[in-house]
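In what follows, a single structure is set out as structure tokens and then discussed.
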Amino acid sequence: MYEILQGEVPLRYAVLGEPDADRPPVLLVHGFGSNFEANWVRTGWTGALEGAGHRVVGVDLPGHGGSAKPHDPRCYAPDALAGRLADLLDALGIERADAVGYSMGSRLVWQLALTRPGRVRRAVLGGFGPVNAFAGTDLDRLGTGDDSPFGALFGAVAAMPGNDAAALAACARGQAAAPFDPEPAPPGVPLLFVAGERDELASDVESLAAAVPGAELLRVPRRDHRNAVSAQAFKRSADAFLAREHAVSRPS
């Protein structure tokens with residue numbers, strides 16, 4: 001199922017389903033410490049999207065899954081990672097895609113849509129808000145007892161089989177070096193924000209959605225950052241949102 005996109009930082013990716021001339025493929029971008037298989041396959045997303053007729057492109061981000069795991073934080077800057085996503089679309093001959101991200105993946109989908117106009121038609125941003133996920137985190141002590149919310153998350157994912165703690169620490173530092181700025185929003189890209197109602201990492205997503213003209217928001221009842229991604233309500237809302245017709249003018 002998997003292929004490798006060669007380059008300075010090789011990426012492992014998969015393409016599922018048949019091409020559909022009437023709709024773009026869906027690019028799935030996972031969160032920190034996860035991978036395509038864990039974030040999207042095991043949670044039922046690929047089956048649901050394929051069943052609805054979508055072609056799916058899934059990727060293991062650098063530092064994750066079967067992709068290369070450099071230890072240089074510069075490899076994980078948001079624009080560098082968005083650039084690798086654009087490289088993947090180029091390699092697959094995909095001019096424009098829909099995109100679904102979760103957590104860090106949502107930040108990267110936002111970056112891709114903002115800095116590569118015309119590449120993203122519609123975007124679903126899950127587990128994502130305007131709050132700095134690294135607030136209170138000592139990035140020099142990751143994995144050595146930092147008890148901040150992100151420090152606890154890092155400790156959990158770094159210990160998972162197959163993960164490279166040094167690469168994940170570099171990823172965190174690369175992301176933190178370029179704090180998220182909600183202005184400007186990606187131009188001409190309809191956005192759906194989704195978060196569990198108990199998701200502290202997506203707190204105040206309401207203000208972010210309200211600041212983006214036309215953006216929509218779904219809070220998933222009784223779900224938090226860890227388990228909102230598997231919710232059927234999330235999948236149904238994303239499928240309905242992506243299925244809508246929306247003419248997006250292409251850049252001149």
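Nothing in this text is a laboratory measurement; each read-out follows from the coordinates by a stated rule. Source: prediction; values computed, not measured. Cβ placement follows ideal geometry from the backbone for every residue including glycine, while neighbour counts extend to all protein chains displayed.
Please give me the summed charge of the neighbours of Ala195: other residues whose Cβ is under 11 Å from its Cβ, Lys and Arg +1, Asp and Glu -1.
Working: positive: Arg198, Arg219, Arg223; negative: Glu197, Asp199, Glu200, Asp204, Glu206, Asp224.
After counting each charged neighbour, the total is -3.
Simple spin-label model, 7 Å along Cα-to-Cβ: Glu206 to Asp140 in nm?
3.9 nm
Pairwise over distinct Cα atoms, reciprocal of the mean inverse distance: report the Kirkwood radius of the chain in Å, one decimal place.
Values: mean 1/r = 0.0555 Å⁻¹.
Kirkwood hydrodynamic radius for the chain: 18.0 Å.
What are the residues whose amide H is under 5 Å from the amide H of Phe193, where those residues sit 5 or more places off or on another chain and H is modelled from the backbone?
Amide H neighbours of Phe193, under 5 Å, 5+ apart: Leu125, Glu216, Leu217, Leu218.
Out of residues 5 or more away from Lys69 or on other chains, whose amide H comes under 5 Å of its own, with H placed 1.01 Å from N in the peptide plane?
It is Gly63, by chain and number.
Beyond 27 Å, what percent of the Cα pairs of the range 120-252 remain? Provide the component values of the computation, followed by the final result.
Working: 2613 of 8778 pairs.
Considering the range 120-252, 30 percent of its Cα-Cα pairs are separated by more than 27 Å.
Amide H of Ala177 versus every other amide H placed in the peptide plane: which residues, excluding those fewer than 5 positions away on the same chain, fall under 5 Å?
Amide H neighbours of Ala177: none.
Mind checking the alpha-carbon convex hull of the range 141-185 and giving the volume per residue in Å³? Please report the intermediate quantities before stating the final value.
Numbers: hull volume 4.1 nm³, N = 45.
Looking at the range 141-185, the number lands at 91 Å³ per residue.
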